Amino acid sequence: MAKIKTKTTEYKDSFAETCSAIISGVISVFLLILVTVFPLIYHNSYYDILETKYRWYYGTVVAMLAVVLVLAIIMLIIDQMENGGRHAARLFAKLHPKNWRSTFCAADVAVMLFWLVLVISTLQSEYMYESFWGNEGRYSGLFLLTLYVAVYFVVSRFWTVKGWVLEAFLISGLIVCYVGITDYFQLDVLHFRSGIDALQPQQATMFTSTMGNINTYTAYVALIMGVATAMFTTAKNPGRAVWYYICMVIAFFAIIMGCSDNAYLALGALFAFLPLALFRSRMGIRRYLLVVATFSTVIQCIDFINQAYSEMVIGLDSLFRVLVNFSGLMYVVVALWLVYLAVAIIDRNNREAADEMEPIPVRVWSGLLVTGVLIVCFMLYDANVAGGADKYGALGNYLVFNDSWGTNRGFIWRKSVEIFRDFPVHHKLFGFGPDTFGILTTANFRMEMVNATGQVFDSVHNEYLQYLVTIGVLGLVTYLMFLFSAGFKMCKSLSWNPYVLGCLFAVLCYAAQALVNLNLPIATPIMWLLLSIGMAACRKKERLM
């Protein structure tokens, strides 16, 4: 009897492993399509880039969900016929309310609550059809957001992490970056800008690569930069380190040459929070110093390029122009490389010392971050309330909030707050429905908006404020709960899987730039996908433990 029980157990385990492997393999195929084809796909230049990518994304995801569902049904039937439904019973037992605590983590609960709020927001909306499809905005209605949530659960729960998916993401990303860099030189290798240049020459440089608007492009490049930089700083294999370093350098060039202000926030988040993960080891400190020195060198190289090809390149503006025009930039670059070399030599001469370090550097850096945040808060107060804007010179353009701030973002942010303030209670809680902001602006202040800015906004250009207005306080809170809880869970697994760190910093860079950018089915689906991959890696650790 003992032998029979052992064989049955082995058979059951083999059946479960086979089913998991098949489902995971199918998901891998679709993920490969999403990270490679989706960023590069286009149809009619920039004229229908949003619609093309939206249709491609939902078509791919719906096909993946359909195949996975059919396979799952077939496997349940086989399990019922061969094993009496034991595996199915075990699976459904995990979904029983008494087992929810062990089945679902905080991020799972948060994203389910987020989706529930989306459904309620759509059902109570005066624009239910538009809320579902997002057709009066940027297609980010209930339908698309539901696909994001579905992808999260399918990938994080049923996919076994394959490192080559992230490698494929980087390869595809380098192609996007290459086209973007050539667009900075106005080569127009895809011949996308020629039609726009003939009709609206002043708008031609606002679009680049295969991403469309430069803001969307830099949001996507921020994801590449986050993955490549984080994985370079932890790579122990020399070949992989070189590969990630190349990806990181190209991403640095691409995000600066993208000429979008949201790049500042993504870069700031990267350099501000990376030490919290790296300053626990000597190698981490060395790699961080190398990253900083490399980034300063990229800025200097772009300065040389702008001087040598001044009649050819688009050129930089805003803060990046201040950096490249800084007369002491070369001295800063040399100093950073000398610091890195000095630390590398000291560590090389102390090979007997343990690589792991006490948490003192992390604590010191945390103190510096808190101090920096307090200084920025004081500067914002001084510039906007205390009347000290004049003392900050060129920085005043970023510190002083008015209607013209951030290419009229100040105006639309102010009007968004005013609209929300006048909402009835149920709309304050659940908003007017996903992606209905364009309807609200047209109905409430279209002429004022056109007279003040010369354009019609269908998005707040701040993802969090957009969620506040369209899906309410509960929608924004549950979304932030999801991001923070997922980030916290990934932080707990950083020492175990390098892919987790790459996904974490990709999401962090995206979340930072989202403060001044809009949610589009171009870069946003990839952010959700990378977050799902990071969570899948965390759950792999739990299964092994």
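Only residues that are of a type in the set (Phe, Trp, Tyr) and farther than 27 Å from residue 452 by Cβ were counted across segment 365-404, and they come to 2. When 414, 446 are screened for being within 19 Å of residue 517 (Cβ to Cβ) and either buried (at least 20 other Cβ atoms within 10 Å of the Cβ) or modelled with pLDDT under 95 (or both), only 414 passes. The set of residues in segment 493-521 being of a type in the set (S, T, N, Q) and surrounded by fewer than 24 Cβ atoms within 10 Å (Cβ to Cβ) consists of 493, 495, 497. Taking the conditions exactly as written (at pLDDT 95 or above and touching a Pro at 6+ places or on another chain (Cβ under 7 Å)), does residue 176 satisfy them or not? In short, yes.
A quick yes/no check of all residues on (1) at pLDDT 95 or above; (2) touching a Ser or Thr at 6+ places or on another chain (Cβ under 9 Å); (3) surrounded by 23 or more Cβ atoms within 10 Å (Cβ to Cβ); (4) part of a helix (DSSP H, G or I):
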site: 232; (1), (2), (3), (4): yes, no, yes, yes
site: 253; (1), (2), (3), (4): yes, no, no, yes
site: 260; (1), (2), (3), (4): no, yes, yes, no
site: 264; (1), (2), (3), (4): no, yes, no, yes
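From the list 524, 441, 470, the lone residue that is surrounded by fewer than 24 Cβ atoms within 10 Å (Cβ to Cβ), closer than 30 Å to residue 401 by Cβ and among the hydroxyl-bearing types (Ser, Thr, Tyr) is 441.
For segment 360-414, which residues satisfy the criterion of being small (Gly, Ala, Ser), part of a helix (DSSP H, G or I) and more than 25 Å from the chain's Cα centre (by Cα)? Of everything in segment 360-414, those that are small (Gly, Ala, Ser), part of a helix (DSSP H, G or I) and more than 25 Å from the chain's Cα centre (by Cα) turn out to be 367, 383, 389, 393, 394, 396.
Pairing residues of segment 353-380 that are touching a residue at least 40 places away in the same chain (Cβ under 8 Å) with residues that are of a type outside the set (A, V, I, L, M) and in a helix (DSSP H, G or I), at Cβ distances under 7 Å and at least 6 apart in sequence or on separate chains, gives 355/282; 357/282; 365/275.
The conditions of being modelled with pLDDT of 95 or more, aromatic (Phe, Trp, Tyr) and within 27 Å of residue 487 (Cα to Cα) are met by residue 139. Going through (1) buried (at least 19 other Cβ atoms within 10 Å of the Cβ); (2) not in a helix (DSSP H, G or I) one by one, residue 277 falls short only on (2). Inspection of segment 197-214 identifies no residue that is out of contact with any Cys (no Cβ under 8 Å at 6 or more places or on another chain), in a loop (DSSP other than H, G, I, E, B) and of a type in the set (D, E, K, R).
For the residues 506, 452, 511, the requirement of being assigned to a helix (DSSP H, G or I), small (Gly, Ala, Ser) and closer than 24 Å to residue 33 by Cβ singles out 506. Residue count for segment 101-158 satisfying the condition of being crowded, with 18+ Cβ neighbours inside 10 Å, free of Cβ contacts under 8 Å to residues at least 60 places away in the same chain and small (Gly, Ala, Ser): 0. Got at least one residue in segment 286-307 being surrounded by 19 or more Cβ atoms within 10 Å (Cβ to Cβ), in a loop (DSSP other than H, G, I, E, B) and not small (Gly, Ala, Ser)? No, that holds for no residue.
The values are calculated or read from the model by the stated rules, or taken from the named source; none is laboratory data. Note that the structure is predicted; figures quoted are calculated from it, not measured. We place every Cβ from the backbone using ideal geometry, glycine too, and count neighbours over all the protein chains shown.
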